[in-house]
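This report refers to the structure that appears directly beneath it.
The values are calculated or read from the model by the stated rules, or taken from the named source; none is laboratory data. Since the structure is predicted, the reported quantities are computational estimates derived from the model, not experimental observations. Virtual Cβ from ideal backbone geometry, glycine too; neighbours counted across all protein chains shown. The area values use the complete protein model at the heavy-atom level, side chains included, leaving out ligands, DNA and RNA. Shrake-Rupley method; radii C 1.70, N 1.55, O 1.52, S 1.80 Å.
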Amino acid sequence: MSPTIAVVERKRRRAIPAVIALFLMLMGIFVSSVPAFATDSENPYRISGNVQLDGEPLEGVSLTIDGPGGEQEVETDENGQWRVGVPERGETYTVTLDESTLPEGIAVVDPEDDSPNIKEVEMGQGGRATVNFFIGEGERNVTGFFDQFVQRIIQGLSFGLMLALAAIGLSLVYGTTGISNFAHGEMVTFGAVMAAVLVGPASLALPWWLGFPVAVVLSAVLGLVMDMALWRPLRRRRVGIVQLMIVSIGLSLAMRYTFQFFIGGGTIQLPGSNAPRIPLFGTVELSVIDLASLAICIVVIVAFALWLTRSRIGKATRAISDNPSLAAASGIDVDFVVRVVWILAGSLAGLAGILYAYYRPGIRWDMGAQILLLMFAAVILGGLGTAYGALVGAIIVGLVVEVSSLWIPSDLKYASALFILIVILLFRPQGILGRRERIG
């Protein structure tokens, strides 16, 4: 080994403990900050609603929610809204409005119901249920099918672009290393949790314009540490693809339940989750967060496409995806490029986690696992190992998920995307942008 190479190798070895120490320090900040905003893990599901009189919110109205876990009492806020946490899904809860807390001379009246102030609601698999009490004449607004269809198209495009950020990183990792990283969902969750630690009102309380970029940087550090501490040593030992997949599954479970240990089973909201909605045309409207999410996704994806096609490292990444052995023989530092890919995958996953926390809305310990199959569906649908294929596949999945909810229950909308995946692969097994390969 030449002296120059030896010096570079020593510098790299010295840098590894420093990076790991930095990561552990940041995780220490995370552990010390999380208890301040942890939510009730015994009641992870939510029933909410509104109480209005002739379209105007009523404040201070008492309601009783009875079901598994016992009775709970809640009052409406200044916007006429209320919410409670409940412990079980698939169970029926009874919501009773206390008419004595209504304004004088006002009562809940319904000629077709003997007890209009009592309603029953079943908590579905989605973990959310709504019960509203609209008192008085009130004007009923009906949204036409076309407006609903357009609204779903826009929401599906927003969800698809957000999903594409995570799927592109997953596809790059597979293309350069051959690893089907089942822990990629937890990398998405990590970005959202770091955003809550940095920006949440009960944590470090940084401004969003500083906290969110820092959360993305920490997600990139996570990708770097994972590659240095786990994936690179396994690659050097020439561990098989199946073994690497099993390791990623174990890593996914370990990270997921670590998140649950620190933040509990409840839902954490990021600041601005109740942003006002802006009417676009007709009855179609989007929140400020939705519009910002669309803009951010488009800018990041365009920047990534330019990096992949114009930069030297981007071209090297594509070369390694096509033929790693030939790329190494031509002088490309495969280990360095793979490390860059892991950093990029971590940052994209972290950004997707922040945007998904606003889309859901809220942060949960298993939020990344909920969309992991959708990420794999997008990658496989577009073509394994191709970043542009992951983008196309993610947009298709996002549109199918949102538009299908016009005809099927919302709890089944994710299943519709997987069904479309199966149908398309029956006719084009290599995916939309994938290349045919000879077998045998």
Practice task
Please give the helices (runs of 4 or more DSSP H) falling wholly within segment 353-419 in which 3 or more residues are touching a Ser or Thr at 6+ places or on another chain (Cβ under 7 Å).
Solution key: 387-404
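Scanning segment 184-200 for residues that are touching a residue at least 60 places away in the same chain (Cβ under 8 Å) and either surrounded by fewer than 24 Cβ atoms within 10 Å (Cβ to Cβ) or more than 21 Å from the chain's Cα centre (by Cα) (or both), which turns out nearest to residue 236 (Cα to Cα)? Steps first, answer last, please.
The first filter runs over segment 184-200 and keeps only residues touching a residue at least 60 places away in the same chain (Cβ under 8 Å), leaving 184-197, 199-200.
With either surrounded by fewer than 24 Cβ atoms within 10 Å (Cβ to Cβ) or more than 21 Å from the chain's Cα centre (by Cα) (or both) added as a condition, the list becomes 199-200.
Details: 199: 39, 200: 41 Å.
Filtering segment 184-200 for residues that are touching a residue at least 60 places away in the same chain (Cβ under 8 Å) and either surrounded by fewer than 24 Cβ atoms within 10 Å (Cβ to Cβ) or more than 21 Å from the chain's Cα centre (by Cα) (or both), the one nearest to residue 236 (Cα to Cα) comes out as 199.
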Exercise for the section: Specify the residue that is surrounded by the most Cβ atoms within 10 Å (Cβ to Cβ); the eligible residues are those in segment 335-375 that are hydroxyl-bearing (Ser, Thr, Tyr) and closer than 23 Å to residue 265 by Cβ. Expected result: 356
Practice task
Determine the pairs where a residue that is of a type in the set (Val, Ile, Thr), located within segment 242-267, has a partner that is in a helix (DSSP H, G or I) with Cβ atoms under 8 Å apart, the partner being 6 or more residues away or on another chain.
Solution key: 247/230; 247/234; 263/34; 263/193; 263/196
Problem - Residue check for residue 397: closer than 23 Å to residue 256 by Cβ and either open to solvent by less than 10 Å² (accessible area, probe 1.4 Å) or of a type outside the set (Phe, Trp, Tyr) (or both) - result: yes
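Report whether or not residue 319 is touching a strand residue (DSSP E or B) at 6+ places or on another chain (Cβ under 6 Å) and either modelled with pLDDT of 90 or more or assigned to a helix (DSSP H, G or I) (or both).
Working: touching a strand residue (DSSP E or B) at 6+ places or on another chain (Cβ under 6 Å): no; either modelled with pLDDT of 90 or more or assigned to a helix (DSSP H, G or I) (or both): yes.
Considered against the rule, which asks whether it is touching a strand residue (DSSP E or B) at 6+ places or on another chain (Cβ under 6 Å) and either modelled with pLDDT of 90 or more or assigned to a helix (DSSP H, G or I) (or both), residue 319 comes out as no.
Is there a residue being of a type in the set (Lys, Arg), open to solvent by 30 Å² or more (accessible area, probe 1.4 Å), modelled with pLDDT under 90 and over 30 Å from residue 225 (Cα atoms) anywhere in segment 412-428?
To start, the set of residues in segment 412-428 that are of a type in the set (Lys, Arg) comprises 413, 428.
Now drop any that are not open to solvent by 30 Å² or more (accessible area, probe 1.4 Å), which leaves 413, 428.
Filter again for modelled with pLDDT under 90, leaving 413, 428.
Next, only the ones that are over 30 Å from residue 225 (Cα atoms) stay: 413, 428.
Looking for residues that are of a type in the set (Lys, Arg), open to solvent by 30 Å² or more (accessible area, probe 1.4 Å), modelled with pLDDT under 90 and over 30 Å from residue 225 (Cα atoms), one finds at least one in segment 412-428, hence yes.
Report, by residue number, each residue of segment 378-420 that is among the hydroxyl-bearing types (Ser, Thr, Tyr), farther than 20 Å from residue 170 by Cα and in contact (Cβ under 8 Å) with a residue 60 or more places away in the chain.
Here is the first cut: in segment 378-420, the ones among the hydroxyl-bearing types (Ser, Thr, Tyr) are 386, 388, 404-405, 410, 414, 416.
The next check asks that each one be farther than 20 Å from residue 170 by Cα; those that pass are 404-405, 410, 416.
Within segment 378-420, 405, 410 qualify.
Do we find a residue being of a type in the set (Ser, Thr, Tyr) and either without any contact (Cβ under 8 Å) to a residue 60 or more places away in the chain or under 14 Å from residue 160 (Cα atoms) (or both) anywhere in segment 331-352?
Applying the first criterion (of a type in the set (Ser, Thr, Tyr)) to segment 331-352 yields 347.
Adding the requirement that they be either without any contact (Cβ under 8 Å) to a residue 60 or more places away in the chain or under 14 Å from residue 160 (Cα atoms) (or both) leaves none.
There is no residue in segment 331-352 that is of a type in the set (Ser, Thr, Tyr) and either without any contact (Cβ under 8 Å) to a residue 60 or more places away in the chain or under 14 Å from residue 160 (Cα atoms) (or both).
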Handout entry: For residue 49: the one exception among (1) more than 25 Å from residue 409 (Cα to Cα); (2) in a strand (DSSP E or B)
Key = (1)
Exercise for the section: Quick one: in segment 278-287, of everything that is buried (at least 16 other Cβ atoms within 10 Å of the Cβ) and touching a residue at least 40 places away in the same chain (Cβ under 8 Å), which residue is nearest to the chain's Cα centre (by Cα)? Expected result: 286
Problem - Filter pass, residue 176 being in a helix (DSSP H, G or I), under 30 Å from residue 400 (Cβ atoms), open to solvent by less than 30 Å² (accessible area, probe 1.4 Å) and at pLDDT 95 or above - result: no
Handout entry: Extreme residue, nearest to residue 48 (Cα to Cα), among residues of segment 87-118 that are crowded, with 18+ Cβ neighbours inside 10 Å and at pLDDT 85 or above
Key = 95
